[in-house]
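Throughout, read-outs are computed from the coordinates displayed, never taken from laboratory work. Everything quoted here is computed from the prediction, not taken from an experiment. Quick reminder, even Gly has a Cβ in these numbers, built from the backbone with ideal geometry, and neighbours come from all protein chains shown.
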Amino acid sequence: MTVSSTVAVIGGGPAGLMAAEVLSASGAQVHVYDAMPSVGRKFLLAGRGGLNLTHSEPFDVFVTRFSERRAQLEPLLAAFGPQQAREWAAGLGIETFVGTSGRVFPTDMKAAPLLRAWLHRLRAAGVQFHMRHRWVGDGAFDANALRFATPTGEVTAKADAVVLALGGASWARLGSDGAWAPWLQAQGVAVAPLLPANCGFDGAGWSEHFSSRFAGQPFKSVAIAFTDSQGRHFARKGEFVATATGIEGSLVYAASALLRDEIAANGSATLLLDLLPDRSAEQVLAAVKHPRGARSLSSHLKSRLGIEGIKAGVLHEALSKEAMQDPAQLAATIKAVPLKLVATRPVDEAISTAGGVRFDALDPALMATALPGVFAAGEMLDWEAPTGGYLLTAAMASGAAAARGAIQRLGL
Ligand SMILES: Cc1cc2nc3c(=O)[nH]c(=O)nc-3n(C[C@H](O)[C@H](O)[C@H](O)COP(=O)(O)OP(=O)(O)OC[C@H]3O[C@@H](n4cnc5c(N)ncnc54)[C@H](O)[C@@H]3O)c2cc1C
C-alpha cells in the first residue's frame, strides 16, 4: 500500500482519538467520524470528577485490575501504560500529579484543556473530523461504502482499514449507545452482553421513611464486605451514597462486578456494611453496653460511637425496636448491617460497560477475524476495570494497539 491509505476511525472518544494519533503519525489519511456534534464528550464528563487519567501503582499491580482480561490487555498496556499516559499528557502541555490515593490527575483537574490541545495536534497532523456522522452498521459490511447518517441524509465513505472505537453503552446521551453490538454480531463478530460496570444497585429495601430522609446522603468512613457464592471476597473501607431505591458511589462501584455477577447467578447479593470499621466488635459491644443512665439510646450511640443520621437510620432499618435494645444484636449489626441487593441500576447510568467485542473474535492486533481490515478498540471490547484511571488508560492503549494493527496490515 502507499502512504495515501485511508483509515476510517469511527468513534471519537479517547480510544478513537488515540488510534487517529498513531495512524496519522504513520502517514495514513485519517478520517474520524462521530455521531455527536463534537468528540470526546464522555472524556469531558470524566473531567468533572477531576479526570483520573491513570494510576501510579507499579505496572504489575496495575495490570491485575483487569482481572480475567489481564492476559489480553497486558501486552497493550506494556506498549502504552500509565507512564506513557503521563508522558503523552505532558507532550500536550498538561502536567499530571499523583493524588493521595495513587490516582493520577492533570494538575488543573480538567479534561477540556487536554482535549483541546489533543484535537489541535490531531488537526495539525492532518486528521479530518466528520461530526454528526453516525455510522449505520446494519446490513452487510462494506469498507468501500461505510454508511453514515448525517443531518443532510446518508453519506458513504471508503476506507482501506477501519478502526471502530464506539464506546460502551452507558451515558447514551453522550454518544455511546451500544447500537453497534447487534450489527457486529450479525457480521459474525462475537459480542459478550453489554452490562453495567462500576454501577449502582437497587433493592436495599429502604423504608419510605429512610429513603425520604436519607436518599442522596453519604455513608462516610464505613466498610463493606461481600463474599460471593464461589468464595470470592471483597472487603474495603470507603464511602458510598444511599439512593431512593438502593446504593451507589465509589465503594459500591469497587465491589460492583462481584455483586452484579452474583445477582445474575443467584438473584440477589447481600453485602455487610460495617458502620465503624476502625473499632473492633469488642470495642463496639463495650460502648453499646456502657451504662447510659437517663440518656436515650440514640444520644448514647451518638456520644459513645458517633453513630447518628444515616448510620443510625440504617440500624433502624435492619433491627426491630426490641432488637435495638439488645446490646449484643445492636453491636453485631453496627459491625455488619446486611444490605440485600437485587438488581443493578441500568447500564445507561453506569460509569462503564462490561462485555463487548470478545477477544477471541479478534486477532492479537485487535482485528476482527470475521471482518478483515476492521479493528476494534476501547470500552467496546470485552474487558472491565474499576475506577482509578484504568478505563481511560486501557481505552487509549487499545486505540493505539488497533492503530498499530491497521498500520501493519496496510504496510505503512
Ligand atoms: C461519569 C463518568 C466519569 C468517568 N471518569 C473516568 C475517570 O476519571 N477515569 C477513567 O479512566 N475513566 C473514567 N470514565 C470512563 C471513561 O470515560 C471511558 O471508559 C472512556 O471514555 C471510554 O473511551 P472510548 O473511546 O472507548 O469510548 P467513548 O469515550 O464512549 O467514545 C465513543 C465515541 O463513539 C461515538 N459513537 C458511538 N456510536 C457511534 C456510531 N454509531 N457512529 C459514530 N460514532 C459513534 C460516541 O459518540 C463517542 O464519541 C468515566 C465515565 C463516566 C460515565
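Annotations for the structure displayed:
- Taking N as the residue count of region 306-372, its C-alpha radius of gyration divided by 2.2 N^0.38 Å amounts to 2.14.
- In region 201-344, lysine pairs with alpha-carbon atoms under 21 angstrom apart (chain gap of 8 or more, or interchain): 21
- Looking at the chain, the DSSP beta bridges with both ends there are about 70 percent antiparallel.
- Rg/Rh for region 122-205, where both radii come from Cα atoms and Rh is the Kirkwood radius: 1.06
- Considered as an equivalent ellipsoid built on the Cα gyration tensor, region 201-344 has semi-axes of 27, 16, 13 Å, the largest given first.
- Straightening the chain between ALA190 and ALA336 buys 48.4 nm, computed as 0.36 nm per residue apart minus the Cα-Cα spacing.
- Orientation-averaged projected area, Cα convex hull of the chain (nm²): 21.8
- Residues in region 167-193 that a label on ALA149 would reach, taking backbone N under 18 Å of a point 7 Å out along Cα→Cβ: 167-186
- At q = 0.13, 0.15, 0.19 Å⁻¹ the log10 of I(q)/I(0) for region 1-125 amounts to -0.59, -0.78, -1.17, computed by Debye summation with a single uniform scatterer per C-alpha, solvent ignored.
- Label reach from SER67 (point 7 Å along Cα→C-beta): in region 369-394, amide nitrogens under 11 Å belong to 383-386.
- Relative to the current alpha-carbon distance between ALA244 and ALA328, full extension at 0.36 nm per residue lengthens the span by 27.3 nm.
- Degrees, to the nearest 10: 112-124 long Cα axis against longest axis of the chain: 10
- Of the residues MET324, MET109, MET396, the one that moves most in a GNM of the chain with alpha-carbon contacts below 10 Å is MET324.
- 10 Å-binned pair-distance histogram of region 102-242 (Cα, whole percent): 8, 21, 26, 22, 18, 5, 0
- Normalised contact order of the chain, rounded percent, pairs of Cα under 8 Å and 6 or more residues apart: 25
- Spin-label model, GLN217/THR107: points 7 Å from Cα along the beta carbon direction are separated by 4.1 nm.
- Gyration tensor (alpha-carbon) shape descriptor, region 1-61, a/c threshold 1.5: oblate
- Residue among THR393, THR243, THR100 with the largest mean-square fluctuation in a Gaussian network model of the chain, springs linking Cα atoms under 10 Å: THR100
- Residue of LEU285, LEU166, LEU122 that the Gaussian network model of the chain assigns the largest fluctuation, springs spanning Cα pairs under 10 Å: LEU285
- Distances between placed amide hydrogens fall under 5 Å for VAL9 paired with HIS31, VAL32, TYR33, VAL163, all partners being 5 or more residues away or on another chain.
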